[in-house]
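Worksheet: the structure to be examined is printed underneath.
The values are calculated or read from the model by the stated rules, or taken from the named source; none is laboratory data. Fair warning: this is a prediction, and the values are worked out from it, not measured in the lab. Cβ placement follows ideal geometry from the backbone for every residue including glycine, while neighbour counts extend to all protein chains displayed. In case anyone asks, the SASA skips ligands and DNA or RNA and just uses the protein heavy atoms, side chains included. Shrake-Rupley method; radii C 1.70, N 1.55, O 1.52, S 1.80 Å.
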Amino acid sequence: MEIKLEQSEVVLEQTRQLSSSTGEFRFVRVDGKNVEFRPGQFFRFVFKDNQGEFERSYSLCNQVMDVPYLDLLISKVESGRATELLFASEQGLTAHVTGPYGRLLVPEPLPKRLFMVATSVGIAPYIPMLTRLSPALKSKQVEVHFLYGTREHNEFVFGDVLEKYSEDHPDFHLSVCYSRVMPDEAREFEYQGYVQARLKNLDPDPKTDRVLLCGNPHMVDETYDWLKETGFGVKHVTREKYVFAKETRSKSRTSLTDEHKKLIAEKMKKYQS
Ligand SMILES: Cc1cc2nc3c(=O)[nH]c(=O)nc-3n(C[C@H](O)[C@H](O)[C@H](O)COP(=O)(O)OP(=O)(O)OC[C@H]3O[C@@H](n4cnc5c(N)ncnc54)[C@H](O)[C@@H]3O)c2cc1C
């Protein structure tokens with residue numbers, strides 16, 4: 001079922017540094033309503049800094065559904081406008097959000113094997129999918145290969161969540177691929193190299209399998225080109241590229257109602273007290 005596009009005002013409630021380059025940011029809806037989205041979707045955020053308003057897209061990495069907050073996993077980009085605003089902010093930063101958007105969803109019907117491939121913060125949209133996939137994994141309706149590419153062990157975020165999930169779901173197979181530095185004592189799911197190489201070794205089959213690709217546009221394009229050579233088409237592969245924003249001004253923003261202004265003022269008072 002399609003979820004209606006909604007606009008809402010949100011306020012930053014908490015932040016958590018996950019690695020030197022990555023943070024988790026929780027924005028709460030000021031109207032207290034639950035955030036409606038399907039696991040894998042993203043929202044457009046309009047922030048305001050000293051140069052004015054600008055828009056950036058972020059996938060939700062919520063581990064819990066039906067809650068009034070949006071959890072984001074964000075990596076720092078040098079001289080990035082959103083990076084500078086977000087990583088310098090604590091509680092109280094406000095934004096206007098629109099969503100949900102995106103077609104990176106759990107395929108229906110489920111395939112024999114589902115390959116979830118991501119680099120860096122491209123794993124964000126897969127986190128809410130884990131809850132959705134749990135019953136199907138437990139009842140052996142699907143086998144999932146989760147391929148996560150990052151530069152080094154320090155940047156392996158959500159490691160505790162993914163390792164616990166692997167233990168609880170024998171048909172969930174985690175592969176972490178380090179493109180730069182391997183840990184001194186690598187575990188059985190840790191590999192040297194790129195996710196593309198690991199995917200090739202797992203020999204996906206277009207007749208029975210489906211692939212989700214998310215993150216670095218170069219990885220997404222390169223992997224998709226290879227998948228096409230092996231017989232996969234647009235129906236078998238869903239891609240989400242974390243491309244940089246070209247335009248910084250929001251076109252779709254509606255002005256705040258008095259009600260929203262009042263709610264934001266109340267939330268801000270809470271954080272300032
Ligand atoms: C559908 C979608 C979902 C997204 N979801 C997420 C998400 O969940 N988490 C997340 O962290 N990001 C996500 N992004 C990317 C995000 O929207 C921003 O582009 C990113 O946070 C950088 O914004 P910024 O304002 O800090 O940098 P900008 O001010 O936009 O960029 C500053 C400079 O850095 C360059 N640059 C921008 N991004 C990168 C990069 N990644 N690597 C190298 N150079 C770069 C730009 O070309 C520019 O020169 C998503 C993008 C899309 C399209």
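Count of region 101-121 residues, restricted to those that are of a type in the set (A, V, I, L, M, F, W, C), open to solvent by 10 Å² or more (accessible area, probe 1.4 Å) and more than 10 Å from the ligand (Cβ to nearest atom), is 3.
Take the conditions (1) open to solvent by 40 Å² or more (accessible area, probe 1.4 Å); (2) in contact (Cβ under 8 Å) with a residue 40 or more places away in the chain; LYS33 misses just one of them, which is (2). Every condition in (1) under 25 Å from GLU266 (Cβ atoms); (2) open to solvent by less than 30 Å² (accessible area, probe 1.4 Å); (3) over 17 Å from the mean Cα position of the chain (by Cα) holds for GLN91 except the one numbered (2).
Just one residue in the set GLU53, GLU90, GLU6, GLU2 is of a type in the set (Asp, Glu) and modelled with pLDDT of 95 or more; that residue is GLU53.
Remark: pairs (first residue in region 69-95, of a type in the set (Asp, Glu); second residue within 6 Å of the ligand (Cβ to nearest atom) and not in a loop (DSSP other than H, G, I, E, B); Cβ separation under 7 Å; 6+ apart in sequence or on different chains) are absent.
When residues in region 131-154 are screened for being surrounded by 20 or more Cβ atoms within 10 Å (Cβ to Cβ) and assigned to a helix (DSSP H, G or I), 2 of them pass.
Can you find a residue that is surrounded by 14 or more Cβ atoms within 10 Å (Cβ to Cβ), over 17 Å from the mean Cα position of the chain (by Cα) and of a type in the set (A, V, I, L, M) anywhere in region 47-65? No - not one qualifying residue is present in region 47-65.
Of the strands (runs of 3 or more DSSP E) that lie entirely inside region 14-62, those containing 3 or more residues that are among the small types (Gly, Ala, Ser) span 52-59.
Let's see how each residue does on (1) assigned by TED's automatic domain parsing to the domain that holds GLN196; (2) away from the ligand (no atom under 14 Å from the Cβ):
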residue	(1), (2)
GLY32	no, yes
VAL46	no, no
GLU53	no, no
CYS61	no, no
HIS96	no, yes
ILE123	yes, no
SER134	yes, yes
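Return the total of residues in region 13-30 being touching a helix residue (DSSP H, G or I) at 6+ places or on another chain (Cβ under 7 Å) and open to solvent by 50 Å² or more (accessible area, probe 1.4 Å). It would help to see each step written out before you state the result.
The initial filter retains those residues of region 13-30 that are touching a helix residue (DSSP H, G or I) at 6+ places or on another chain (Cβ under 7 Å), namely 19-23, 25, 30.
Remaining after also requiring open to solvent by 50 Å² or more (accessible area, probe 1.4 Å): 20.
Qualifying residue count, region 13-30: 1.
When region 72-90 is examined, which residues are found to be of a type in the set (Asp, Glu) and either within 13 Å of SER57 (Cα to Cα) or within 9 Å of the ligand (Cβ to nearest atom) (or both)? Residues satisfying the conditions are GLU78, GLU84.
Results for (1) open to solvent by less than 30 Å² (accessible area, probe 1.4 Å); (2) in contact (Cβ under 8 Å) with a residue 40 or more places away in the chain; (3) part of a strand (DSSP E or B); (4) of a type in the set (Phe, Trp, Tyr), shown as yes or no for each residue.
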| site | (1), (2), (3), (4) |
| --- | --- |
| GLU167 | no, no, no, no |
| LEU174 | yes, no, yes, no |
| TYR191 | no, no, yes, yes |
| ASN201 | no, no, no, no |
